[in-house]
Amino acid sequence: MTNTTRRTKLARMTLLAMLVAVLIVLAYVNIPMPMGLSITFNMIPVAIAAMAMGLPGGIIIGGAFGLISFLQCYGIFGVSGMGVALVTANPGFGFACLMFIQRFVSRVLVGVLAALVYRGISRTKAPLYVRGLATGFAAALFNTIFFMTLLVLLFSQTAYMQNAMAGRSVLAYLVASVGVNAVVEMIVAAVVTGAAGVALKKARLI
């Protein structure tokens, strides 16, 4: 292994550690919204890792995001109001497994797809900032789609979700729940990831 290779590997490991630290900080930063949801920006480190390290980075940081999100259902690394309400009303290993799928597996998929989006758009020779915009936007979009789809599929019959849906159709609930959240998250994730991509280029991590 050459000195250049060692430095690159060390730089990427350092970046991974920093992104995990950022995720932990962001776990305590959210904007509460109705129906137990909140505006969060945890998908931004996932998008950055996907840009810098491709699939491995997306999977690792996506997994870290998912694990933190899952632990928040039990009051660790902050609190997820919805998660705590669901697991409190439905204790048991089986329900915890379903929650793990929704919180962890979905975020790993976000990392995978964000990396694939970045790889795909890179082939178009688009400017780096545009590639970052697309990757951040995609990460936030996929996060919303997977999280909300699994929420409805796995938990729509729980008392908590029945109360939240208040007799509305699934589509009406989804529109009412994620309208503002999704737009804000996608815009912020796109802008920040685009800027981060330029910084990563200067640091020779892309």
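Worth a mention:
- Residue list for region 147-159, restricted to those being open to solvent by 50 Å² or more (accessible area, probe 1.4 Å) and touching a Ser or Thr at 6+ places or on another chain (Cβ under 9 Å): THR149
Quick grid of which residues meet (1) open to solvent by 10 Å² or more (accessible area, probe 1.4 Å); (2) at negative phi; (3) at pLDDT 95 or above; (4) under 18 Å from the mean Cα position of the chain (by Cα):
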position: THR4; (1), (2), (3), (4): yes, yes, no, no
position: VAL20; (1), (2), (3), (4): yes, yes, yes, yes
position: MET33; (1), (2), (3), (4): yes, yes, no, yes
position: SER38; (1), (2), (3), (4): yes, yes, no, yes
position: ALA49; (1), (2), (3), (4): no, yes, yes, yes
position: GLY66; (1), (2), (3), (4): no, yes, yes, yes
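- Flag if PHE77 is among the aromatic types (Phe, Trp, Tyr) and either outside any loop (DSSP other than H, G, I, E, B) or under 13 Å from the mean Cα position of the chain (by Cα) (or both): no
- Once region 6-18 is narrowed to residues that are under 16 Å from ALA47 (Cα atoms) and open to solvent by less than 100 Å² (accessible area, probe 1.4 Å), the residue that is modelled with the lowest pLDDT is ARG12.
- Taking the criterion of being surrounded by fewer than 12 Cβ atoms within 10 Å (Cβ to Cβ) and either of a type in the set (Gly, Ala, Ser) or in contact with an Asp or Glu (Cβ under 9 Å, 6 or more places away or on another chain) (or both), the residues of region 160-185 that qualify are ALA166, GLY167, SER169, GLY179.
- Every condition in (1) crowded, with 18+ Cβ neighbours inside 10 Å; (2) of a type outside the set (S, T, N, Q); (3) farther than 22 Å from ILE60 by Cα; (4) touching a Leu at 6+ places or on another chain (Cβ under 7 Å) holds for ALA190 except the one numbered (3).
- Of the criteria (1) out of contact with any Pro (no Cβ under 8 Å at 6 or more places or on another chain); (2) closer than 16 Å to LEU19 by Cα; (3) not small (Gly, Ala, Ser), which one MET99 fails: (2)
- The number of residues in region 81-119 being in contact (Cβ under 8 Å) with a residue 24 or more places away in the chain and open to solvent by less than 40 Å² (accessible area, probe 1.4 Å) comes to 15.
- Selected residue (criterion: nearest to LEU200 (Cα to Cα)) from residues of region 53-62 that are open to solvent by 10 Å² or more (accessible area, probe 1.4 Å) and in contact (Cβ under 8 Å) with a residue 12 or more places away in the chain: MET53
- Candidates THR158, THR124, THR193 - the one that is under 21 Å from ASN42 (Cα atoms) and not small (Gly, Ala, Ser): THR193
- Any hit, region 123-140, residues being touching a Lys or Arg at 6+ places or on another chain (Cβ under 9 Å), touching a residue at least 40 places away in the same chain (Cβ under 8 Å) and surrounded by 19 or more Cβ atoms within 10 Å (Cβ to Cβ): no
The values are calculated or read from the model by the stated rules, or taken from the named source; none is laboratory data. Since we're looking at a predicted model, the values are computed, not measured. Please note: Cβ atoms are built from the backbone with ideal geometry, for glycine as well, and neighbour counts cover all protein chains shown. The area values use the complete protein model at the heavy-atom level, side chains included, leaving out ligands, DNA and RNA. Shrake-Rupley method; radii C 1.70, N 1.55, O 1.52, S 1.80 Å.
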